[in-house]
1. Here are some residues: 36, 13. Which one is in contact (Cβ under 8 Å) with a residue 60 or more places away in the chain, more than 16 Å from ligand 2 (Cβ to nearest atom), crowded, with 19+ Cβ neighbours inside 10 Å and outside any loop (DSSP other than H, G, I, E, B)?
2. Return yes or no: is residue 111 assigned to a helix (DSSP H, G or I) and within 16 Å of the chain's Cα centre (by Cα)?
3. Assuming residue 51 fulfils every condition listed in (1) buried (at least 24 other Cβ atoms within 10 Å of the Cβ); (2) away from ligand 2 (no atom under 14 Å from the Cβ); (3) in a loop (DSSP other than H, G, I, E, B) apart from one, which condition is it?
4. Within the group 141, 117, which residue is within 16 Å of ligand 2 (Cβ to nearest atom) and among the acidic types (Asp, Glu)?
5. Does residue 182 fit the bill of being farther than 21 Å from residue 25 by Cβ, among the aliphatic types (A, V, I, L, M) and in contact with a Pro (Cβ under 8 Å, 6 or more places away or on another chain)?
6. Considering each residue of region 5-51, count those that are in contact with a Ser or Thr (Cβ under 8 Å, 6 or more places away or on another chain) and among the hydroxyl-bearing types (Ser, Thr, Tyr), and give that number.
7. I need the full set of residues from region 16-26 which are more than 16 Å from ligand 2 (Cβ to nearest atom) and out of contact with any Pro (no Cβ under 9 Å at 6 or more places or on another chain), in order please.
8. Say we look at region 213-227 and pick out the residues that are assigned to a loop (DSSP other than H, G, I, E, B), among the hydrophobic types (A, V, I, L, M, F, W, C) and touching a helix residue (DSSP H, G or I) at 6+ places or on another chain (Cβ under 9 Å); which of these is nearest to residue 143 (Cα to Cα)?
Amino acid sequence: MVLHYYGHSCFSVNINGKHILFDPFISPNELAAGKVDAGAVPADYILLSHGHADHIADCVAIAQRTGAKIICAWEIYEWLGKQGISHVHPMNTGGSWDFGDFRVKCVLAQHSSGLPDGSYGGNPMGFLLFSDAGNFYYSGDTALTLDMQLIPRWAKLNFAVLPIGDNFTMDVHDALAAADMVQVQTVVGVHYDTFGFIKIDHAAAEKTFSSAGKKLVLVPVGGSTSV
Ligand code: NI
Ligand code: MN
């Protein structure tokens, strides 16, 4: 699978020729300026882990432009409906659904989820994504949690996408422990460097993983990697 990184926690994976976009936050991200054009990012599906602005800022505009189907918590589905977005599939933690090109299972994330206007965003979620091309786990914003130990019951993973920036989420050490729990060798790091609170030392982060026999991939904003 090819993973395109658009900065912060925004990335996309191509499966069966479909662009599956996660947590679109591009136009407010200074690190993406001049590297990613939110008005040109392709999407057939948009998955939203939770309602915070740094995960959904460009969601409505990209959904309007592309007609992509949005997959998110029930409460975010209701919020999007009030903004005239009707091509939304509501889910909640524990549930799964087969979208044809891939299957999604929503799993727990230990975080919070308010929407930018103060509306209640429901529970934050992580996603397991299953496809013929492989399986992966995107945890969304989360603390390290023992619930991650359940994930190998459901999925044999090719890779995981985990936050590593600390302050709002796991740091790189907790992300390494999460990689152990979900039994994965390769982690794509997200949710780092975007704001002052979450700036990290890239070389030290990569060494934390390599010292434990695992691989941390830090993709440049606007770049891509094979996973
Ligand atoms: Ni958040
Ligand atoms: Mn966040």
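1. Values: 36 fails: outside any loop (DSSP other than H, G, I, E, B).
None of the other options fit; the residue is 13.
2. On the way: assigned to a helix (DSSP H, G or I): no; within 16 Å of the chain's Cα centre (by Cα): yes.
Considered against the rule, which asks whether it is assigned to a helix (DSSP H, G or I) and within 16 Å of the chain's Cα centre (by Cα), residue 111 comes out as no.
3. (2)
4. On the way: 117 fails: within 16 Å of ligand 2 (Cβ to nearest atom).
Among 141, 117, only 141 is within 16 Å of ligand 2 (Cβ to nearest atom) and among the acidic types (Asp, Glu).
5. Numbers: farther than 21 Å from residue 25 by Cβ: yes; among the aliphatic types (A, V, I, L, M): yes; in contact with a Pro (Cβ under 8 Å, 6 or more places away or on another chain): yes.
The answer is yes for residue 182.
6. Count: 4.
7. 16, 17, 18, 20
8. Within region 213-227, the first condition is being assigned to a loop (DSSP other than H, G, I, E, B), and the residues that meet it are 213-214, 218-223, 227.
Keeping just the survivors that are among the hydrophobic types (A, V, I, L, M, F, W, C) gives 218-219, 221, 227.
Of the ones still in play, those that are also touching a helix residue (DSSP H, G or I) at 6+ places or on another chain (Cβ under 9 Å) are 218, 221.
On the way: 218: 20, 221: 24 Å.
Filtering region 213-227 for residues that are assigned to a loop (DSSP other than H, G, I, E, B), among the hydrophobic types (A, V, I, L, M, F, W, C) and touching a helix residue (DSSP H, G or I) at 6+ places or on another chain (Cβ under 9 Å), the one nearest to residue 143 (Cα to Cα) comes out as 218.
Each value in this text was obtained by applying a stated rule to the coordinates, not by laboratory testing. The model shown is predicted, which means the values in this text are computed figures rather than measured ones. Every residue, glycine among them, receives a Cβ derived from its backbone with ideal geometry; neighbour counts consider all protein chains shown.
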